[in-house]
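So the structure is just underneath, and the comments pick up after that.
Computed from the coordinates by the stated procedures, all read-outs in this text should not be read as laboratory data. Nothing here was measured: the structure is a model prediction, and the numbers come from that model. Cβ atoms come from the backbone with ideal geometry, glycine included; neighbour counts cover every protein chain shown.
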Amino acid sequence: MSERKEEIRKEDKKWGWKFGLILLASGIGGGFLGGGVGWLTDWLSEGGEGLAWVAEVAVPVVSAVLLAVVVLGNLIALPILWGRCKKLARTEELEDETVWEKLDRRLNVILAVTSLSLCVVMTLMGVAVSGFRSILYGRDDLILSMAVTFGAVLGLFTELALVLIFQRLVVNFYKEHNPEKRGSVYQMNFNKVWLKSCDEAEKLHIYRAGYTAYRVGYYTCLALWLVGVLGAMAGLLNWATILFVGIIWAAMQAGYLIAAAKQKGDGINITI
Amino acid sequence: MPLYNRLKEHRARLGINQQELGKLIGASRQTVSLIERGDYSPSVTLAMKIAKVCGVTVEEIFRYEEEEQ
C-alpha cells in the first residue's frame, strides 16, 4: 500500500511541475493580454463614430451577405451531393462493401454540411437582424436595415427547409437499407428514437462523439469566458456575454453530471 | 487491436452478405463491416449471437492474439 502511495506521489510530483509551468505561462500570457486590451480600449475610444457605424451597419450587412452566400452555396451543393449518392446507390452493386463505405462517407458529408451550415446561418442571421434597431431609432439607413433583416429571416427559413429536406432524404435512405432503424425527422424526439434503434457499435460511436463534443464545448466555454471577462473590462462587452457563457457551461456540466449519476453501477449498457 | 476474427470467412461459407448477417444478429451492416475489418470488438452478447448464427463456437471466429503468443 505504501508503495502505491509513493507511486501516486511521484506521479503527482511529475505532473505538478508541468501544471505549475502552465499556470506561470498563462499568467504571463494574461498580463500581455490585459495590456493588449488596455491598448485596444484606448484605440477604440479614439475611433468614435466610425466604429459605431461598423458595429451597427457594416457588421449586420456583411453577415447578411455571408448568410446569402452560405444558403446559395447549400442550394447548389446539396442537390449535387445527394445526386452523387443516388447515382452510386443506383448504378453500382450495393453488395460490394467498398461501395457502401464510399456511400456512407458521401451521406455523412451531407449530414455534416447541413448541421454545420445551420449553426453558421443561425449565428449570421442573429448578427444581421441586430441591425434592425436602426429602424426603431429612425436612422437614414432604414431601407437597408429592413432589407438586411427580412433577407436574413428569409435566408434562415430557406436554410431550415434545406436542412429538413436533405436530412430527411439521408435518414430515410438509411432506414430503407437498415430496416431496424426507427424515427422520422419530423419527430420532436427523433434523436432518442433513432438512438434506441442503433446497435452497440453505433451507440458506442455516438457516445464517443458526444464525449468529444462535451470536451470541445468545455474548452470553448473557458476561452469564451476569458474573452467575455477581458471584453467587459475593456468596455467592449457587457455582463450578458459572461452570463450566457456561464449558462451554457453550467447546462453542459449539469447534463453531464446528471447523465453520469443516472448510470447504474454496472456501467453503460450498450448491448443490443 | 489484439482481437482477430474469421467472420468474413464464415459469412462467405453461409453465402450471405453483411446486411443479411446484420439482420440475423440484430446489428447494422456497418457494424458487421467494422467487426470484419477488426475495427470493432463486439460485446460478449453479440459475439455469441454471431457464433450461434454461424453454427460454430465463439473461439472459432474470434481469436485473442496476445493470449496465444
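Key figures for this structure:
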{"item": "If the convex hull is drawn through the Cα atoms of chain A, its volume per residue in Å³", "result": "211"}
{"item": "Rg(Cα)/(2.2 N^0.38 Å) for chain B, N = residue count", "result": "1.01"}
{"item": "Extended-chain gain in nm, criterion 0.36 nm per residue less alpha-carbon gap, A:VAL153 and A:PHE190", "result": "10.8 nm"}
{"item": "Kyte-Doolittle mean at least -1.0 and Cα axial length at least 20 Å: DSSP H helices in chain B", "result": "none"}
{"item": "Convex hull volume per residue for segment A:173-272, taking Cα atoms only, in Å³", "result": "136"}
{"item": "Sites B:GLU60 and A:SER2, calculated FRET efficiency, Cβ-Cβ separation with R0 45 Å, nearest 0.05", "result": "0.40"}
{"item": "Debye log10 I(q)/I(0) at q = 0.10, 0.11, 0.14 Å⁻¹ for segment A:48-194, Cα point scatterers", "result": "-0.48, -0.55, -0.74"}
{"item": "Inter-chain Cβ neighbour average for residues A:6-19, partner chain, 10 Å", "result": "0"}
{"item": "Computed [θ] at 222 nm, helices only, for chain A once each DSSP H run of length n ≥ 4 contributes -39500 (n - 2.57)", "result": "-29000 deg cm²/dmol"}
{"item": "A:LYS14 paired with A:ILE258, simple spin-label distance in nm, labels 7 Å along Cα-to-beta-carbon", "result": "3.9"}
{"item": "Peptide B:18-25, shielding by other chains (average Cβ, 10 Å cutoff)", "result": "2"}
{"item": "Cβ-placed point charges (K, R +1; D, E -1), dipole of the protein assembly as shown about Cα centre in debye, nearest 20", "result": "740"}
